[in-house]
Amino acid sequence: MTFEVLGLTTPLVKAVSDKGYTEPSPIQAQTIPIVLQGKDLMACAQTGTGKTAGFVLPILQLLEAKPSAKNNRTLCLVLTPTRELAAQIHQSILTYGKYLRVNSAVVFGGVKINPQMMRLRGGVDILVATPGRLLDLYQQNAIKFNDISILVLDEADRMLDMGFIHDIKKILALLPKVRQNLLFSATFSNDIRQLAKGLLNHPVEVSVTPEVTTAETVTHKLHMVDKNRKTELLSYLCQRDGWHQALVFTRTKHGANKLVKLLNQVNIHALAIHGNKSQAQRTKALDSFKQGSVKILVATDIAARGIDIDQLPIVVNFDLPNVAEDYVHRIGRTGRAGSSGQAISLVSYDEMKQLRDIERLIRCNIEREIIEGFKPDNTRPVVSSPAPHQQRNRSRNSQQRRERSYEKA
Ligand code: AMP
């Protein structure tokens, strides 16, 4: 399927093609025609499914056909729970709308309000906002809602979790009654259905299973390990479990090269693909991997985007990605089309933040297993210098605490 078939105009098709998308994701294939028809929508979709383009593309098209927003007004309001998400959505609007006249702005709390007020003065066609700051701006007369014809509630479940329900209700009461409403949520809980009832008008319901909840076909597991022993653990697992084909992700090109070198030293045939390799080298590496002469293909996230290998049995996160969504992309390479797959992460203490972000995103705790002989040592630095008599107890306590956090981790 192509983006044209969904009814999108040339400037939008060109913008997505510039971005490198070759075909619409399942959520986009469903939502774009519905939004273009002006219908209300209730979509069950998580981050990582391409949902943002699923509403941004058709909204841009609808607004391009209308006169621009007047001073201090907006035509489309997108409400999101966090400033990060707001900024991401705004970036998507800029990217997909680069060949259009439609303009946009983003407002969120935690930063000065004055520049945002100035920005709204001339009117913005699409306004992306977090609820609290939007109400502040409204109360200060910086924005009027009279001309809003489209409302998007993105990550509605998270907004409820974060206690935004009162702000949302206040905002809804201020909007014009006749408008198109789009609600996106990762779950359709009772609370969400309740919210939807008072908001949506004969909505079309769509639902997509994100790649990551191939949970039934992919087993996620993580092994806590010291950073400097990751290669050793990887080769141990490869040999112990007789891996014949595993795609291993590293964060950097340098890390990929280093890992390949070390694996080859212990007779595990590995090759790397990343941005510094020529197309010919990448194709050759991929072919050898597919044919089985190379057991381990080490890749960086960017290089792995285009890889399509049927029924990849094992994906390993040698390093956790900095961006949680990349975990979803990485894992999407195994357990495809109903085949079973394993997603294994080797996690060192310094990666706990990334781990927490990933688990929050995929909404589940990954099963932990410490491999015998690879229990991590405690290397976390002691911050203060307690008196000698306190030191023993304190270090024992902190040792216990750390161990507990490893076990939980
Ligand atoms: P989202 O679920 O909207 O956060 O999107 C997840 C990621 O998928 C983003 O990095 C998008 O740039 C990317 N993406 C969105 N649509 C497509 C598509 N049709 N083809 C490939 N990548 C896409």
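Residue pairs whose Cβ atoms lie under 8 Å apart, separated by 6 or more positions or on different chains, with the first residue in segment 32-56 and at negative phi and free of Cβ contacts under 8 Å to residues at least 24 places away in the same chain and the second more than 15 Å from the ligand (Cβ to nearest atom) and part of a loop (DSSP other than H, G, I, E, B), do not occur. Considering segment 45-58 alone, what residues qualify as being open to solvent by 10 Å² or more (accessible area, probe 1.4 Å) and either modelled with pLDDT of 90 or more or more than 14 Å from the ligand (Cβ to nearest atom) (or both)? If the condition is that a residue be open to solvent by 10 Å² or more (accessible area, probe 1.4 Å) and either modelled with pLDDT of 90 or more or more than 14 Å from the ligand (Cβ to nearest atom) (or both), then Thr52 is the only one that fits. Filter segment 94-128 down to the residues that are open to solvent by 30 Å² or more (accessible area, probe 1.4 Å), of a type in the set (Val, Ile, Thr) and within 30 Å of Ser17 (Cβ to Cβ) and list them by number. Those that are open to solvent by 30 Å² or more (accessible area, probe 1.4 Å), of a type in the set (Val, Ile, Thr) and within 30 Å of Ser17 (Cβ to Cβ): Thr95, Val106. Taking the criterion of being among the aromatic types (Phe, Trp, Tyr) and within 23 Å of Glu205 (Cα to Cα), the only residue of segment 1-39 that qualifies is Phe3. Out of the residues in segment 1-37 that are within 17 Å of Ile93 (Cβ to Cβ) and assigned to a loop (DSSP other than H, G, I, E, B), state the one that is nearest to the ligand (Cβ to nearest atom). Looking at the filtered set, the residue picked out is Tyr21. Do you know which residues across segment 75-86 are in a helix (DSSP H, G or I) and within 12 Å of the ligand (Cβ to nearest atom)? Within segment 75-86, Glu84, Leu85 qualify.
The values are calculated or read from the model by the stated rules, or taken from the named source; none is laboratory data. This structure is a prediction, so every number in the text was calculated from the model and none was measured. Counting neighbours? That spans all protein chains shown, and the Cβs are built from the backbone with ideal geometry, glycine included. All accessible areas refer to the heavy atoms of the entire protein, side chains included, with ligands and DNA or RNA removed. Shrake-Rupley method; radii C 1.70, N 1.55, O 1.52, S 1.80 Å.
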